[in-house]
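Note sheet for the following structure.
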Amino acid sequence: NKIFLQEELTRIWESTGTTVFYITHDIAEAIRLGTRIAVMSRGPGSIVVKEFAIDIPRPRMGTETEFYEMETAIEGLIRHEVQAKRDR
């Protein structure tokens, strides 16, 4: 179950304090698990388009206003990046 794995990853991270580099295409999952999110450009030779610091207290349920605002901002950035690549 995805939620169980997310909880387990969070538990391990909190107990060890080690850095975890996690790649996902799920924006909500990235916000729920992360402390920073790097949005990458599309295609080969990807670069970081923008980084977001996540200051939302844990546990993050996805119902917080800050969660929604961050999810909306990241989704908008991704849409813009995809459209810019299409227009080339």
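The values are calculated or read from the model by the stated rules, or taken from the named source; none is laboratory data. It should be emphasised that the depicted structure is a prediction, and the values quoted were computed from it without experimental measurement. When we count neighbours, we look across all protein chains shown, and the Cβ atoms used for this are built from the backbone with ideal geometry, even at glycine. To get the accessible areas, we keep the full protein, side chains included, count just its heavy atoms, and leave off ligands, DNA and RNA. Shrake-Rupley method; radii C 1.70, N 1.55, O 1.52, S 1.80 Å.
Values for this structure:
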{"item": "Theoretical gain in end-to-end length, residue 82 to residue 40 [0.36 nm per residue, Cα-Cα removed]", "result": "14.0 nm"}
{"item": "Å² of accessible area per residue within the chain, as computed with a 1.4 Å probe and no ligands counted", "result": "76"}
{"item": "Residue order for 26, 87, 55 - accessible surface, 1.4 angstrom probe, largest first", "result": "55, 87, 26"}
{"item": "For the stretch 25-39, Karplus couplings with θ = phi - 60° (6.51, -1.76, 1.60), whole Hz, Gly/Pro x", "result": "9, 9, 4, 4, 5, 4, 5, 4, 8, x, 10, 9, 10, 10, 8"}
{"item": "Principal axis dimensions, the chain - Cα atoms, whole angstrom, descending", "result": "46, 29, 25"}
{"item": "Among 42, 60, 11: highest mean-square fluctuation, GNM of the chain, C-alpha pairs under 10 Å", "result": "11"}
{"item": "Carbon/sulfur fraction of accessible area - the stretch 49-88, other protein chains in place, 1.4 Å, %", "result": "52"}
{"item": "Kirkwood Rh and Cα Rg combined as Rg over Rh, evaluated for the stretch 16-56", "result": "0.99"}
{"item": "For residue 50, residues with placed amide H under 5 Å, excluding near neighbours", "result": "39"}
{"item": "Loop-located GluC sites (Glu not before Pro) in the stretch 4-88 whose Cβ has at most 16 other Cβ within 10 Å (DSSP)", "result": "64"}
{"item": "The chain - charge dipole about Cα centre, Lys and Arg +1 at Cβ, Asp and Glu -1, debye rounded to 20", "result": "380"}
{"item": "Accessible area in the full protein assembly, largest first, 1.4 Å probe, for 77, 5", "result": "5, 77"}
{"item": "Per-residue SASA entry for residue 15, accessible area with 1.4 Å probe, Å² rounded to 10", "result": "80"}
{"item": "Ranked order, 70, 61, 40 - accessible area, probe 1.4 Å, largest first", "result": "61, 40, 70"}
